[in-house]
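What follows draws every value from the coordinates through simple rules; no lab data is involved. Values in this document were obtained by computation on a predicted structure and should not be read as measured data. Quick reminder, even Gly has a Cβ in these numbers, built from the backbone with ideal geometry, and neighbours come from all protein chains shown.
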Amino acid sequence: MLTTVIAGRVYDFSHSVGRNAAAGDGFSYPCAIALASQGVMYVVSRGNETNYGSRLTKVFVGEPGEEKVLAEFYRYGSNPGQGLWPNSVALDKQGRVYVSDDWLNRIAVFDADGNFIEQWGTAGAGPGELDGPAGLAFDADDQLYVVDSRNHRVQVFTPDGKYVSGWGSHGSGPDQLDTPWGIHIDTHGGVYVADWKNGRVQKRDRNGQVMMQFGQPGDGPRDLNHPTSVAVDADDDVYVADWGNHKLRIYRPDGDLITSLIGDAQWLSKWGQQSIDANPDMAKMRRRVKSLEPEWRFYYPVAVAFDAERDLIIVADCQRGRLQLYKKDRNYAVPQANL
Amino acid sequence: MVDNHDIGLMAHLMRRAGFGAPREELERRAAKGYEATVEELIHPKTTEPADEYTLLRYQPAALLPGGMPPMGNVNWMFHMVNTQRPLEEKMALFWHHVFATGNSKVDNYDQLLAQIAMFRQRGMGNYRDLLVALAKDPAMLYWLDNNENHKDAVNENWGRELLELFSMGQGNYTEKDVRQASRAFTGWTFSVKIPRLPYGRFPWEFEYVAEDHDDGEKEFLGHTGNFNGEDIIDIVVQQPACGHFIARHLYNFFVADEPQVPSWKINLPRDEAAVAALADTFHESGYDIAAMLTTLFTSDFFKEAYFTKVKSPAELVVGTLRLVGGAELPRPDYGRDVALQPTYMGQDLLNPPSVEGWHTGKEWINSGSLMSRINFVAEMVGSTDLPGVQDMIGRLRAKGPLDPDAFVDSCLDLMGPLQVGTDTRQELLEQAREGGSLAWDTADEVEASVVRVGEMLQLIVAMREYQFN
């Protein structure tokens, strides 16, 4: 359904943005989103070894049909300013762009237009060293939290890469982590970590003390299957990309599940439509398909972001090369039931 | 108490029923016992398949690779290197040899991987059910044109190969049987899939179109009726030729190299009694592949068949990677550097040269492929920082000083145990003697010994004997 009305909230599908593309208008296995302002965002494409479409795209996403690529950088390669396995992206208060690379074990820094500034990071398992840097998030003091995934911990750095602190160890205990992925810091300083292999999300305070957790491994309605990303909205509702279950889970601040979204892209994105218009046989075959419903759905949704300026939930739909956007509608008038 | 014979036999079993195993695993399995290991391999309920989530975290494109290499190869190689169910994976490879389906036409690694997953799931189950699943497999339907097999325009491609290459072999049916079987499979097709633009691949699904099925009477292998596809398969599996054909395939894959399949009509099996025993099991068990594998792996003809097969490129590459370790996680360029290695050696997985599959045995070897094989394996075993090589070095070091004879024999033992001819051993010994005894007392000696071990392992894998399984 396009509109979900539940528990005093309304989630209304807006539109999708993107298509599978190794360059230009689209994404190649989008895996992370960082929001700037006024509709500008940065999207990480993981890419593949067939066409090496990994990159960072600066893109404007406005109303349906208004999307526009503004810049592309962090192309495939191991030279400064390039990357092999880009994983995540975050912006500091100056709008500089930080990209983690979970093969090169480094963080690359760019200005807002994609001009390379510096890179830092040392491979290893000691304090301040990295093995598989994944999710990134800045706190209110502009300290960068880095999910150090294969060291099963979170480390905190200054923006120029000086080690500050860290927490987490490998395991499935209440305060342990197993190959974590995404991270989010809410406006109160709460730190949410997608504890990927443990099938849960941990909420910790800024010192790393566990405050609560969401989910357990599995595919049931209250389970999580390898969650990858977390976002929190202005009401402190929590959004979790339940990657392996192909769902976006939405929780109340106390961790109670509100609902799950499964993807609703019932019409093509602007760039998707352009692909079809340019390939008449594709259009003909689409008319012969019994149901296009599989195309609407998330397929390994890997990242979620909440645009508080517009009350927009933005989901990176990894296998489909697109973003799906939902409006958290605060002005929805519910029609009478008996229509 | 595990002795060298137990280790040797277990190594033989794991080379054939899997992709080899490091020494620690051989010791553990040998202590558990041969029959118990066979049982665990055939019914792998307590061991884990490869973790596909890990693959997709690092290489998301391996899920829906499309029509271009190498991401499809990445997917399968990851499974073969990481699975703890080696026979399950080996059977997927076996059926890929028999039911050879290729990307050259299918242009869709997604569907080929789905077929391999089906082999993983059903490869040790009931053969009749496997054939039905194969007949409904979209990659196969497209590969052999059954989507073009219509009630009023019969296409015989699938019907013919079902009898010739997938169940009985030439000489056991007539052209009329081919026609009748093909008529029975009219209407077996796949539904139109959502096209690949703009959001990537979507799967084909099997579809039975009753209106396009020839529901008339058919005469097939002496039976008469309004047969549908499953009826044809039911009749096929009852034929003595079917049991014999599958038995010979299993013998060829797991025991000893047979001539190429097209010549089976004129070349008798090298061990007719063994093939007959397997065929008997096929029929007595109601076409149960697991029962055939139990018969095979517990037979004397298997246990005595050390090093009688030329390693396929997949066996060589995967066996080496599992031995030396370090390739469990994907890495950048895993496709070209690792997953396509069998392709460079003449076995382009998921893309066999034709429906007949690969010519195997000594035909794997030519001057080009031999160089590729040796170069790859030598580079791997010469990388003394890899965990599996480190383990071998540690085991050698634990023996203390080793004179050249003991050095050579220990290395051959850890690499198999391998059996080599007198001339080969002499060559290895001459190399070992140049450096004298292996010593480990000082840092310099350790450093020098590590280098010498790496060189010795490289020399061993360059020998003729290492090409055999």
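Ignoring solvent entirely, what values of log10 I(q)/I(0) come out of the Debye formula for chain B at 0.05, 0.09, 0.13 Å⁻¹ when each Cα is a single scatterer? Log10 of I(q)/I(0), two decimals: -0.20, -0.63, -1.21.
Taking every pair of alpha-carbon atoms in the stretch A:278-336, give the share separated by more than 17 Å as a whole percent. Roughly 60 percent, once rounded to a whole number.
Put a plus charge on the Cβ of each Lys and Arg, a minus charge on the Cβ of each Asp and Glu, and nothing anywhere else: the dipole of the protein assembly as shown about its Cα centre is then about 1120 debye. If R0 is 56 Å, the Cβ-Cβ spacing of A:Q38 and B:D333 corresponds to a FRET efficiency of close to 0.90.
The value of relative contact order for the stretch B:387-467, using C-alpha pairs under 8 Å at least six residues apart, is 36 percent. A Cβ-based charge dipole, computed about the Cα centre of the stretch B:387-467 with Lys and Arg at +1 and Asp and Glu at -1, lands at about 240 debye. If you take the Cα centroid of the stretch B:44-115 and the Cα centroid of the stretch B:17-36, the two points sit 24 Å apart.
In a Debye calculation with equal point scatterers on the alpha-carbon sites of the protein assembly as shown and no solvent, what is log10 I(q)/I(0) at q = 0.05, 0.08, 0.09 Å⁻¹? Debye output, listed in q order: -0.31, -0.79, -0.97. Taking a sphere under 12 Å around the Cβ of B:F99 and counting the other residues whose Cβ falls inside, with K and R at +1 and D and E at -1, yields a net charge of -2.
For the residues of B:186-194, the average number of beta carbons from a partner chain within 10 Å of their own beta carbon is 3.
Between A:Q209 and A:W267, the modelled labels are 5.1 nm apart [label points 7 Å from Cα along Cα→Cβ].
GNM on chain A, alpha-carbon springs under 10 angstrom: the most fluctuating residue among A:P30, A:P217, A:P180 is A:P217. The trypsin sites (Lys or Arg not before Pro) found in the stretch B:255-350 that occupy coil by DSSP, while having at most 15 further C-beta atoms within 10 Å, are B:K265. For the stretch B:47-116, the residue among B:L113, B:P69, B:T54 whose Cα projects farthest onto the positive side of the dipole built from Cβ charges is B:P69. In units of the rule-of-thumb radius 2.2 N^0.38 Å, chain A shows an alpha carbon radius of gyration of 0.96.
Take each residue in B:61-72, count the other chain C-beta atoms within 10 Å of its C-beta, and the mean is 4. In chain B, excluding the sites themselves, the longest stretch lacking any of the GluC sites (Glu not before Pro) that are in a DSSP loop with at most 16 other Cβ atoms within 10 Å is B:1-204. If one takes the longest principal axis of the Cα atoms in chain B, at what angle in degrees, from 0 to 90 and to the nearest 10, does the Cα axis of helix B:387-398 lie? Between helix and principal axis, roughly 40 degrees. Divided by 2.2 N^0.38 Å, where N counts the residues, the Cα radius of gyration of the stretch B:240-294 comes to 1.03. Legend: calculated FRET efficiency, B:E284 to B:N157, from the Cβ-Cβ distance at R0 = 41 Å, rounded to 0.05, equals 0.80. Stretching the chain fully between B:Q419 and B:Q390 yields a gain of 8.2 nm (0.36 nm per residue, less the alpha carbon separation).
Candidates B:H244, B:F190, B:H223 compared by Cα position along the dipole of the stretch B:173-301: farthest toward the positive end lies B:F190, with charges placed on Cβ. For A:S149, what is the net charge nearby, where nearby means another residue's Cβ is under 10 Å from its Cβ and Lys, Arg count +1, Asp, Glu -1? So the surrounding residues net to 0. Given C-alpha coordinates of the stretch A:67-176, what is the ratio Rg to Rh with the Kirkwood estimate of Rh? Here the Rg-to-Rh quotient is 0.98. Once the C-beta distance of B:D405 and A:E293 is scaled by a Förster radius of 60 Å, the resulting FRET efficiency is 0.30 to the nearest 0.05. Rounded to the nearest 10 degrees, the inclination of helix B:23-32 to the longest alpha-carbon principal axis of chain B is 70 degrees. The long axis of helix B:422-435 is offset from the longest Cα principal axis of chain B by roughly 40 degrees. Counting only the Cα atoms, the stretch B:44-303 fills a convex hull of 135 Å³ per residue.
Measuring between alpha carbons in the structure, the pairs from B:K136/B:K265; B:K136/B:K218; B:K105/B:K193; A:K197/A:K247; A:K197/B:K45; B:K265/B:K309 lying more than 23 angstrom apart are B:K136/B:K265. Between B:Q238 and B:E48, the contour length at 0.36 nm per residue exceeds the alpha carbon distance by 64.9 nm. If you take all other residues with their beta carbon under 11 Å from the beta carbon of B:M118, and give Lys and Arg +1 and Asp and Glu -1, the sum is +1.
For chain A, the residue among A:W167, A:V232, A:L312 whose Cα projects farthest onto the positive side of the dipole built from Cβ charges is A:L312. Max-minus-min Cα coordinates of the stretch B:158-276 on each principal axis give 52, 41, 19 Å, with the largest extent listed first. In this simple spin-label approximation, B:R28 and A:N338 carry label points 7 Å from Cα along the Cα→Cβ vector, and these lie 6.8 nm apart. Between the stretch A:302-319 and the stretch A:216-271, how far is it from one alpha carbon centroid to the other, in angstrom? For the stretch A:302-319 versus the stretch A:216-271, the Cα centre distance is 11 Å. The value for the stretch B:387-467 of Rg(Cα) / (2.2 N^0.38 Å) is 1.01.
With kT/(6 pi eta Rh) evaluated at 20 °C and eta = 1.002 mPa s, and Rh the Kirkwood radius from Cα pairs, the stretch B:53-184 diffuses with a coefficient of 135 µm²/s according to Stokes-Einstein. Stokes-Einstein, applied to the Kirkwood radius of the stretch A:174-330 over Cα pairs at a viscosity of 1.567 mPa s and 4 °C, places its translational diffusion at 79 µm² s⁻¹. Modelled spin-label separation between A:F60 and A:I117, with each label point placed 7 Å from Cα along the Cα-to-Cβ direction: 2.3 nm. Annotation for the stretch B:322-387 versus the stretch B:142-177: alpha-carbon center distance of 34 Å.
If the only charges are +1 at each Lys and Arg Cβ and -1 at each Asp and Glu Cβ, what is the size of the charge dipole of the stretch B:266-401 around the Cα centre, to the nearest 20 debye? Dipole size: approximately 640 debye.
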